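Visitor: Got a structure for you, questions after.
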Amino acid sequence: MEIAFYLSGLVAVLATVGVITGTSPVHAVVYLIVSLIAVAMVFFALGAPFAGALEIIVYAGAIMVLFVFVVMMLNLRPDAERELTWTHPRYWLGPSLLALVLLGALLALLRQGGVSEVIDGELLTARAVGLTLFGPWLMVVELAAILLLAALVTASHVGRRSNPLNRKMSGNRNRGGTP
Amino acid sequence: MILVWLILIPFLGGLLCWQAERWGEQAPRWIALATMLFVLVISVLLWLGGNFSLPGNGESQWLLEWRVDWIPRFGIEIHLALDGLSLILVALTGFLGALAVLCSWHEIAHRVGFFHLNLLFILGGVVGVFLALDLFLFFLFWEMMLVPMYFLIALWGHSGSPGQTRIRAATRFFIYTQASGLLMLVAILALVFVHYSNTGELSFSYDVLRGTDVPEPLAFWLMLGFFIAFAVKLPVVPFHGWLPDAHAQAPTAGSVDLAGILLKTAAYGMIRFALPLFPEQSAAFAPVAMTLGLVGIIYGAVLACGQQDIKRLIAYTSISHMGFVLIALYSGSELAIQGAIILMVAHAFSSAGLFILSGQLYERIHTRDMRTMGGLWSRIPVLPGFTLCFVAASLGMPATANFVGEFMVLFGTFPSAPVVVVIASVGLVLAAIYSLLLMQRVHYGPEYRPGPLKGPDAREYGMMLTLLVLTIAVGLYPQPLLDTTAAVAAPVAELFTDGADLAARAGEVN
Amino acid sequence: MNGIPMEHGLILASILFSLGLAGLMLRRSMLFVLMSLEVMLNSAALAFVVGATAWNQPDGQAMFLLVITLAAAEASVGLALMIQLYQRYRSLDLDAASRMRG
Amino acid sequence: MMVTPVVLSFLFPLMGTLILAFSAGRLGPRASSVIGVGSVGLAALATLWAVMGHGGGTEGVTLWTWIAVGDFQPTIGLAVDGLALVMMSVITGVGFLIHLFAAWYMTGEAGITRFYAWMNLFVFSMMLLVLGDNLLLLFLGWEGVGLCSYGLIGYYYQGLDNARAAFKAFVVTRIGDVFLALGLFLIFMELGTLDIATVLARAPELWAEGSATANLAALLVLGGALGKSAQVPLHTWLPDAMAGPTPVSALIHAATMVTAGVYLIARLNGLFLLAPDVMLLVGVIGAVSLLLAAFAALAQTDIKRVLAYSTMSQIGYMFFALGVGAFDAAIFHLVTHAFFKALLFLSAGAVIISCHHEQDMGKLGGLWRKLPVAYGGFVVGGAALVALPLVSAGFFSKDEILWQAMAAERTGLLIAGLLGAVLTGIYTVRLILGTFHGEPGSDHARHPEPGTSVFTHHLPLVVLAVLSTFIGAWIYPGLGGLFPEAPGDTVETGHTLLQVLAMGAAIAGLALAGWLFLMRRSWLDNITDKGAGAGLWKLWHHAWGFDALFDRALVRPWQWSVRMLRFDFINLFMNLPALIARAFNAGLVRSQNGRTRSYAVVMVFGTTVILLALALAPGGGA
């Protein structure tokens, strides 16, 4: 069971690297989906089937699909020439070093942390999670619902094609709105 | 209860004036005048009523006292108290307030109600400063004085050269005093916390904080915090930058208030707070303070001679005069401190007089630049005569209050610091130079532009006459003032003696 | 079969997090920024779940659920803004939209 | 406040000033001159009454305590003794005659009210100076006199150089006043009191003779006296002070103000006796001023400047006498000098007005038949100035001084005194011949309009002329009792020898001048044109270059520093915080470059730093 954990962990890391370094958006999205599924596999390996299922259904299924829609809608082509310009080390050396330092700090903290638990694989059933969700955490769940509602309203308003703010602002720049 | 009324009257009067603008332009002026005269009358009645003998042990040194808790959690209370010194200064505020209103009778035309609101709020704040004894309350009134003064300069001032607009001058004035006020606030809070850590009791009251023993290095910095706050307002030379601009751009009423009273709040603050709260550190700091005073005298005088604008010249003379006060306060001799108090009153009269005269000149020849003045003696009937008298006062002519003040300061300081007095008396010669320079470039010399101008009307004549009579009266018979402040000056002088042996040497002579 | 030590799970989460972070900083196109954001959120969720299973507390997973709702909400709004950016600037390059210069 | 004659004597001028000052133009010229002259006249009468009623000793009148703080208790009190009475009679007597003459002199001038207001204020301040029983009240009179001299010298304020002369007079005398003030501070610190009687009593007890404090105190008082009496170092203001109207010069720069210094030293004689070498210094300064002024007077063209230098030299004689310890002789000479110098100035005034304000000797001449009264005044005054034996008042007083010097074995000073007497003879004769004899230099001088009114023109001149003769010397009451033992009183031998010497000097001076100016006029002129002679003449004309020296040493650096400091450089330090703030602002603004990615990097940088801090912090971790 450990092998599944390490293997899918590795896959997730590689897929994420693929997302970051990808030039074409479509490949990047697909890599991201692979990475999410790999993480779901990790959840299953750890013995959290409910979390894994959720991950696949909501995360990979819903959010990534949304991404794919948007990528398709804007039919983005891989603009290789702009991407190439910043591959020059001067651009990515600084931030990546910073990320490495951050990783080092996190690991150092973990090692000091003295966390000695071991995951021995017994399952955390969805029932238990459901009970806590609607037990002490009821308020938070309601709040999460409201959050989603808010996101819904904002996304619909901002994303609308012909919203008044857009027409007034871009009246002068790209006449005739978008197709 | 009278003390509370003394503070509230100007504020209420201010509001009344503001609303009274609806009934015409004259109403706010009369109301403002009535308010300030009311304050003056109350303080004079208090003066006649009270006895100012040295308080025996036991009875409190305050003539009147009024305490009520304000924020018990922090030990802040509205603690107002009145003694000889604050009584005189409150009376001075009332008198100069009335003068300020009178001298801007024709000068201020637009937004008269709001002008008088600001004017009276400044005076209310100043009366508050003179009465407040709780450090927090003192700081509150100390800051409250600034805002209306800022508006006074910014809205009703007149700009000098394009570079030196009145807004810049007002902002500079505000920032200078505000920043130094902040230093004082830090010093007050530090003092309170030290007291709290010593005794576990949180209190801002004056008597309690006088007792706290502050660890040595910190005490010096706290004293410095207070000193700088008062030095900026006094003004002492390095921090004097704001005064000439503020005076040059302020309306006459603003200048009269500024020179007449606001400078005195700094000196009062030193006598009341800076010296008693930190006696040993002040005694150690005395030589530095005296040198600053000397630099102020000489530097103020040299700059005064170089000015073209008449109000800037008078402003620099105030810096020079206040140098004497600074020397006196840190000399540790009762005679010098009494002299400083007399000099404060005298300077208030003479500089108020000179500013009112420059205001009247401005109303007639619409300029303050001395290069375009000259030979006004024959053109204006009575004003040059009064200017000569006030110029004589400002150069310390005997029989005027300035002479009494300056010479008491010099007599008192001589035993403890002879060298300082020798250099300060050079200041007397410089005072003669800049005062006569003012007289010569404005009233003597060839006529710049011919044509007679109208003389002073009854209002102006009355103002000038009262100021002159007061200056000569205090000059010839200052005893009433001296008796009232005797109870204040003695303890402040003793502060230094238990520290240093300076005055002891002077004492053994007779 | 003595189980997976918890640190490994957390190490995996931090690696994913810093990768997402690097992506956020490196890429100029807003799409990739959003995606690296998703990766970071996902790694945080992973850490929660690892914690939950390690201490056998269902609260971790409840928190995981919330993280996912948050990720969803954030993604939707992010994408809507991306569309506007695209409308406005004809490209997804974030540096183009730098009118807020000092 | 008891109304004794003494109090009256100084209240009348005060009232005169107040009435004139606050009349604000309502009083015409006649009314103001009547008030002005009248008030001083009444003061003279009150003084006369006081003199009659004075029974010797010192009568003190204390009006009120001026200031009372601890042991600093100066009072407004008057002390009337012989010295004060003599000074008062000189001030009011000669003052009255000068005011009378001024009525004639100032007819037709604008602002007579202002003139008489200043003159009355001057007399009031001088009376206070003389009557004050404590040094602070004396200082009040001292400064008041300075202010009035400023006002009166700058009377014709339209002219810029008149105003500048007044300014210079006030500032130079103010420097002297500061020395006096420092002396006051020292005296108060050491003796604890300012009352003159107590000071003179306590000084010998506390200070040993010749001790440092005594010397310092005497030196400072001397500094004050030099400023006011225009002696060598602080004398440059006197010649320029001739810019004022002539009666002003007569009153202030001949009779009263310049003698204030002499009065002060005479009044504080106890102090000076404690410091013998300062006494000697007084004598030396007197001698030096005497010679310097005499030489300068030889080379002046303006008649008033000649008289100004002559005053300076005569006051030099008084300081000479004080230095030798002959206080009584100094005061005697002060009185006679007041008479004949006032006479000379007023006669000069008469000449100037008659010749339409012409003051240059070159342009005058041949007036002696047309202006008989003025000529008479000049001759009698000149005789007294030269100390013509037996006839003139000057002879008795100057002879007394020289005799005291001889008795005190100060031979060096004596020789200077005799040389001064000779020079005085020469410049007086030169003045009289140049003004009245020879050819009239300009048409003003050809047909002058002599003063006609008897009361205001002839009377003062005649009275002063009478006083300048031996009658003046006879009036002097002699203040022997007041002052300590003068050297000459004990020694008897050699008095006649000295009188012969003094007479010889005076007559030699007259004869030499007469021979030079009458016979050898041409020879004299070409000497003063060529090289050395012209140089010497120019040097004397500019009074040995003191004025130029002070101007270059003090005035110019002062003006330079004022110009340099006009731009308030200390204020720049206070602009520093503003500059620093603005620099920070510029730096930080650049970091707002609008690119979200750089913001992200900064944020990540922040978190990593915090995390590192947590990780590396000693107690870090869980």
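Visitor: When the Cα centres of the range D:237-286 and the range B:225-288 are compared, how far apart do they sit, in Å?
Guide: 42
Visitor: Express the relative contact order of the range B:1-277 as a whole percentage, based on alpha carbon pairs under 8 Å and six or more residues apart in sequence. Spell out each step's value before the answer.
Guide: Numbers: 420 pairs, mean separation 57.2, N = 277.
Once normalised by length, the contact order is 21 percent.
Visitor: Take each of the peptides D:396-403, D:410-417, average the number of other beta-carbon atoms within 10 Å over its residues, and list them starting from the highest.
Guide: Numbers: D:396-403: 25.9, D:410-417: 19.1.
Top of the packing list down: D:396-403, D:410-417.
Visitor: Please list, by residue number, everything in the range B:405-443 whose backbone N is under 18 Å from a paramagnetic label point 7 Å out along Cα→Cβ of D:L565.
Guide: B:420-438
Visitor: Nearest 10 degrees is fine. How inclined is helix B:458-476 to the longest principal axis of chain B, computing both from alpha carbons?
Guide: The two axes meet at around 40 degrees.
Visitor: With just the Cα atoms defining each centre, how far is the range D:122-144 from the range D:160-202? Give it in Å.
Guide: About 11 Å separates the Cα centre of the range D:122-144 from the one of the range D:160-202.
Visitor: Using alpha carbons only, what's the Rg to Rh ratio of the protein assembly as shown with Rh from Kirkwood? Intermediate values should be presented prior to the final figure.
Guide: Details: Rg = 45.8 Å, Rh = 38.3 Å.
Looking at the protein assembly as shown, the ratio lands at 1.19.
Visitor: Something else now. Name the shape class, rounded, prolate or oblate, that the alpha-carbon gyration tensor gives for the range D:567-622, where a ≥ b ≥ c are the square roots of its eigenvalues, rounded holds for a/c under 1.5, and otherwise prolate holds if a/b is larger than b/c and oblate otherwise.
Guide: Values: a/c = 9.15, a/b = 1.92, b/c = 4.77.
In terms of gyration-tensor shape, oblate.
Visitor: Given a Förster radius of 30 Å and the C-beta distance between B:D457 and D:D161 as r, what FRET efficiency does 1/(1 + (r/R0)^6) yield to the nearest 0.05? Please report the intermediate quantities before stating the final value.
Guide: Working: r = 36 Å, r/R0 = 1.19.
Efficiency, rounded to the nearest 0.05: 0.25.
Visitor: Between D:V391, D:G381, D:Q404, whose Cα lies farthest towards the positive end of the dipole of the range D:362-416 when Lys and Arg beta carbons carry +1 and Asp and Glu beta carbons carry -1, centred on the Cα centre?
Guide: Value computed over the given set: D:G381.
Visitor: For chain B, with only Lys/Arg (+1) and Asp/Glu (-1) charged at the beta-carbon, what is the dipole magnitude about the Cα centre, in debye rounded to 20? Walk me through the intermediate numbers first.
Guide: Values: 23 positive and 30 negative charges, 395 e Å.
Taking the Cα centre of chain B as origin, the dipole is about 1900 debye.
Visitor: I would also like to ask the following. Say the dipole of chain D comes from +1 at the beta carbon of Lys and Arg and -1 at that of Asp and Glu; which of D:V324, D:L334, D:G154 then lies farthest toward its positive end?
Guide: The listed residue farthest towards the positive side: D:G154.
Visitor: Separate question: Considering only the other residues whose Cβ falls under 12 Å of the Cβ of C:V49, what net charge follows from Lys and Arg at +1 and Asp and Glu at -1? Display every interim value, and only then the final one.
Guide: Values: positive: none; negative: A:E55, C:D59.
That sum, taken over residues with Cβ under 12 Å, equals -2.
Visitor: Moving on to the next point. Compute the signed sum of charges (Lys and Arg +1, Asp and Glu -1) over the other residues within less than 13 Å, Cβ to Cβ, of D:M503. Don't jump to the answer; show the numbers that get you there.
Guide: On the way: positive: D:K398; negative: D:D399.
In short, 0.
Visitor: Take D:T528 and B:V186, extend 7 Å from each Cα along the Cα→Cβ direction, and tell me the distance between the two endpoints in nm.
Guide: For the pair D:T528/B:V186, the computed spacing is 7.4 nm.
Visitor: While we're looking at this one, here's another question. Distance check, please: which entries in D:K168/D:K228; D:K304/D:K341; B:K454/D:K168 exceed 20 angstrom between their Cα atoms? Show your work: numbers first, answer last.
Guide: Numbers: D:K168/D:K228 13 Å; D:K304/D:K341 11 Å; B:K454/D:K168 32 Å.
From the list (D:K168/D:K228; D:K304/D:K341; B:K454/D:K168), the Cα-Cα distance tops 20 Å for B:K454/D:K168.
Visitor: Also, quick follow-up: Rg/Rh for the range B:283-427: what does it come to with C-alpha atoms and Rh from Kirkwood?
Guide: Numbers: Rg = 16.3 Å, Rh = 15.8 Å.
Taking Rg over the Kirkwood Rh, I get 1.03.
Visitor: Let me ask another. Quote the relative contact order of chain B in percent (integer), defining contacts as alpha-carbon pairs under 8 Å separated by 6+ residues.
Guide: Numbers: 883 pairs, mean separation 77.4, N = 510.
Reported as a whole number, the value is 15 percent.
Visitor: Taking 0.36 nm per intervening residue step and subtracting the Cα-Cα distance, what contour gain separates D:H357 from D:I507 on full extension? Please report the intermediate quantities before stating the final value.
Guide: Working: separation 150, 0.36 × 150 = 54.00 nm, distance 3.30 nm.
Gain in length upon complete extension: 50.7 nm.
Visitor: Per-residue counts of other Cβ atoms within 10 Å, averaged by peptide: what ranking do you get for B:189-197, C:68-76, highest first? Let's see the in-between values first.
Guide: Details: B:189-197: 16.9, C:68-76: 20.4.
Top to bottom by mean Cβ count within 10 Å: C:68-76, B:189-197.
Visitor: Sort D:F101, B:F151 so that the residue with the fewest other Cβ atoms within 10 Å of its own Cβ comes first and the one with the most comes last. Write out the running numbers ahead of the final one.
Guide: On the way: D:F101 29, B:F151 21.
By the 10 Å Cβ count, ascending: B:F151, D:F101.
Visitor: Per-residue Cβ counts within 10 Å, from other chains only, averaged over A:5-16: what number is that?
Guide: Values: counts 5, 3, 0, 1, 9, 1, 0, 8, 4, 0, 3, 14.
Averaged over the peptide's residues, the number is 4.
Visitor: Relative contact order for chain C: what percent, with Cα pairs under 8 Å and sequence separation of 6 or more?
Guide: Details: 89 pairs, mean separation 27.1, N = 102.
The normalised contact order for chain C reaches 27 percent.
Visitor: Using the Cα centre as the reference, give the magnitude of the dipole from point charges on the C-beta atoms of the range C:6-90 (Lys, Arg: +1; Asp, Glu: -1; all else neutral), rounded to the nearest 20 debye.
Guide: On the way: 4 positive and 4 negative charges, 111 e Å.
Magnitude of the dipole: close to 540 debye.
Visitor: Oh, and also: Select from D:L576, D:V555, D:P477 the residue farthest towards the positive end of the dipole of the range D:471-622; place +1 on Cβ of Lys and Arg, -1 on Cβ of Asp and Glu, and compute about the Cα centre.
Guide: D:L576
Visitor: Then there is this: Counting other beta carbons within 10 Å of each residue's own, what order do C:M82, C:M100 fall into, fewest first?
Guide: Numbers: C:M82 22, C:M100 11.
In order of increasing Cβ crowding within 10 Å: C:M100, C:M82.
Visitor: Applying 1/(1 + (r/R0)^6) with R0 = 30 Å to the Cβ-Cβ distance of D:V491 and D:I471, what FRET efficiency is obtained, to the nearest 0.05?
Guide: On the way: r = 29 Å, r/R0 = 0.95.
That pair, D:V491 with D:I471, gives E of 0.55.
Visitor: Now a separate question. Looking at the range D:275-519 from every direction and averaging, what is the projected area of its Cα convex hull in nm²? Intermediate values should be presented prior to the final figure.
Guide: On the way: hull surface 51.4 nm².
So the mean shadow area of the Cα hull is 12.9 nm².
Visitor: Provide the per-residue ³J(HN,Hα) series for the range D:450-458, in order, calculated from phi with Karplus coefficients 6.51, -1.76, 1.60 and θ = phi - 60°, each as a whole number of Hz, with x at glycine and proline positions.
Guide: x, x, 10, 5, 5, 5, 8, 10, 6
Visitor: If the convex hull of the alpha-carbon atoms of the range B:232-282 is projected onto planes in all directions, what is the mean projected area in square nanometres?
Guide: 3.7
Visitor: When a/c is below 1.5 the answer is rounded, else prolate if a/b is larger than b/c, else oblate, so apply that to the range D:81-121 with a ≥ b ≥ c taken from the square roots of the Cα gyration tensor eigenvalues. Spell out each step's value before the answer.
Guide: On the way: a/c = 6.89, a/b = 2.40, b/c = 2.87.
Verdict is oblate for the range D:81-121.
Visitor: If you don't mind, there's one more thing I want to ask. Would you work out if the range C:6-90 is rounded, prolate or oblate? Take a ≥ b ≥ c from the square roots of the eigenvalues of the alpha-carbon gyration tensor; rounded if a/c is under 1.5, else prolate when a/b is larger than b/c, oblate otherwise.
Guide: Working: a/c = 7.22, a/b = 1.88, b/c = 3.83.
Taking the square roots of the gyration eigenvalues as a ≥ b ≥ c, the range C:6-90 is oblate.
Visitor: At D:N585 and D:E439, where each label point lies 7 Å from the Cα along Cα→Cβ, what is the point-to-point distance in nanometres?
Guide: Those two pseudo-labels are separated by 8.1 nm.
Visitor: Roughly how big is the protein assembly as shown's charge dipole about its Cα centre, with Cβ charges of +1 (Lys, Arg) and -1 (Asp, Glu), in debye to the nearest 20?
Guide: Here the size comes out at about 5620 debye.
Visitor: With r as the distance between the Cβ atoms of B:A473 and D:L216 and R0 = 35 Å, compute the FRET efficiency 1/(1 + (r/R0)^6) and round to 0.05. Spell out each step's value before the answer.
Guide: Details: r = 36 Å, r/R0 = 1.03.
My answer for the efficiency is 0.45.
Visitor: How much length, in nm to one decimal, is gained on full extension between D:F573 and D:L616, taken as 0.36 nm per residue of separation minus their Cα-Cα distance? Don't skip to the end; give the middle numbers.
Guide: Values: separation 43, 0.36 × 43 = 15.48 nm, distance 4.31 nm.
Between D:F573 and D:L616, full extension yields an extra 11.2 nm.
Visitor: Sticking with this structure for a sec: Roughly how tilted is helix B:166-199, in degrees to the nearest 10 and between 0 and 90, from the longest Cα axis of chain B?
Guide: 10
Here, each number is a calculation from the coordinates, and none is a lab measurement. Values in this document were obtained by computation on a predicted structure and should not be read as measured data. When we count neighbours, we look across all protein chains shown, and the Cβ atoms used for this are built from the backbone with ideal geometry, even at glycine.
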